[in-house]
Amino acid sequence: MDLTSIDLIYGLIACVVAVWMGVALAKKQANTYKVSNSAITPTALGHLPSVNHIDYGDMRFLHLGTPWVQGSMKISQPFDIHLEYVQRMMAWLLFTELQQVHHLKAMQLGLGAAALTKFCHLQLGMDTTAVDINPQVINTCRQWFHLPNDNPQLRVLQADAAEIANQATWHGTIDALQVDLYDQEAACPAIDTKDFYANCHKLLKEQGCMSVNLYGRNADLQDSIQKIAHTFGKDAMWAFKPTTAGNTIVLAFRTPPKIDQATLALQAQQIQLRWSLPTEKWLKTLAPLNH
């Protein structure tokens, strides 16, 4: 059926309205950040960025004084992980005996909005340690992102992640290490050296796994992977394809896992039934690095 002039006019009007609504929504979100940011009191430690949060509908976002999102939480589901790349940082579960998870120890280097810390501590029942250099990030997570206070199974340390990774007292104690370290510009990983990844390797128990978020407009993905592989070896590494936002999650094991696709599929099914993680979807985009 041919389009009439009226149809074309209505179509043009619809396009204009859609563009206008998109611009209006973008301006509203920018103004929300601007208003919130104007009320920030800088942290007392001058070399660290200020910290603020923004609510937008059912979402709460953590910022370090810039528009770059450092973490987020769904206000109606504060203990779930909703961001795709953060969910993928839990992919070590695919290679773990699920009945023993609550006996394992997790560590997060970089607290963000505490999504991983809350999930490991509250949903998986793990002994959990989180490390962040900025005390205001910790305070903001406790006040606005439902991060529990320290207890016998949870400790949040205000410390430099590189120094913690270098401390012999922590070596050989961690089953699941999650590394997500970015400054206020989020241009590239804040710590991305061979020595750092070598110390992360030392943190792990023999069957332990490190999950790393590699992201940023100035990041060099292949260079970071080579630095990790220098200690772990490529045969001990798995990687996801990048998310639509550009985050690449790499898994590096102290001991290379031996697992077949059928076992992975069964493990993914069990995880998805027990916890709110899209594990069956992961298998379509996760593979050994040497493949």
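The values are calculated or read from the model by the stated rules, or taken from the named source; none is laboratory data. Note that the structure is a prediction, hence the values are computed from the model and not measured. All Cβ positions, even for glycine, are placed from backbone atoms using ideal geometry, and neighbour counts span all protein chains on display.
Inside region 48-102, residues that are among the acidic types (D, E) and touching a strand residue (DSSP E or B) at 6+ places or on another chain (Cβ under 7 Å) make up a count of 2.
Consider I133 carefully, then state whether it is aliphatic (A, V, I, L, M), surrounded by fewer than 24 Cβ atoms within 10 Å (Cβ to Cβ), within 17 Å of the chain's Cα centre (by Cα) and more than 23 Å from S276 (Cα to Cα). Yes, satisfied.
Within the set T244, T231, the sole residue that is more than 29 Å from A159 (Cα to Cα) and β-branched (V, I, T) turns out to be T244. Kindly evaluate L45 against the criterion of being surrounded by 10 or more Cβ atoms within 10 Å (Cβ to Cβ) and modelled with pLDDT under 85. For L45, the condition - surrounded by 10 or more Cβ atoms within 10 Å (Cβ to Cβ) and modelled with pLDDT under 85 - is met. Considering every residue within region 136-147, establish whether at least one is closer than 18 Å to L277 by Cβ and either among the β-branched types (V, I, T) or buried (at least 19 other Cβ atoms within 10 Å of the Cβ) (or both). No, that holds for no residue.
Within region 179-207, take every residue that is of a type in the set (A, V, I, L, M) and within 18 Å of the chain's Cα centre (by Cα) and give me the one that is nearest to C120 (Cα to Cα). The qualifying residue nearest to C120 (Cα to Cα) is V179. Please verify whether D192 is free of Cβ contacts under 8 Å to residues at least 40 places away in the same chain, surrounded by fewer than 13 Cβ atoms within 10 Å (Cβ to Cβ) and closer than 26 Å to Q70 by Cα, treating the condition exactly as stated. Answer is no for this residue.
Considering only residues in region 195-223 that are of a type in the set (A, V, I, L, M) and surrounded by fewer than 21 Cβ atoms within 10 Å (Cβ to Cβ), the one that is modelled with the highest pLDDT turns out to be A198. Quick one: which of S211, S224 is touching a residue at least 24 places away in the same chain (Cβ under 8 Å), closer than 18 Å to W92 by Cβ and out of contact with any Gly (no Cβ under 7 Å at 6 or more places or on another chain)? Of the residues listed, the single one that is touching a residue at least 24 places away in the same chain (Cβ under 8 Å), closer than 18 Å to W92 by Cβ and out of contact with any Gly (no Cβ under 7 Å at 6 or more places or on another chain) is S211. In region 263-291, the residue that is farthest from L124 (Cα to Cα) out of those that are surrounded by 14 or more Cβ atoms within 10 Å (Cβ to Cβ) and β-branched (V, I, T) is T279.
Considering only region 89-107, I want to know if a residue exists there that is modelled with pLDDT of 95 or more and farther than 25 Å from H171 by Cα. Scanning region 89-107 turns up no residue that is modelled with pLDDT of 95 or more and farther than 25 Å from H171 by Cα.
Being modelled with pLDDT under 95 and under 18 Å from the mean Cα position of the chain (by Cα) is a property that D175 lacks.
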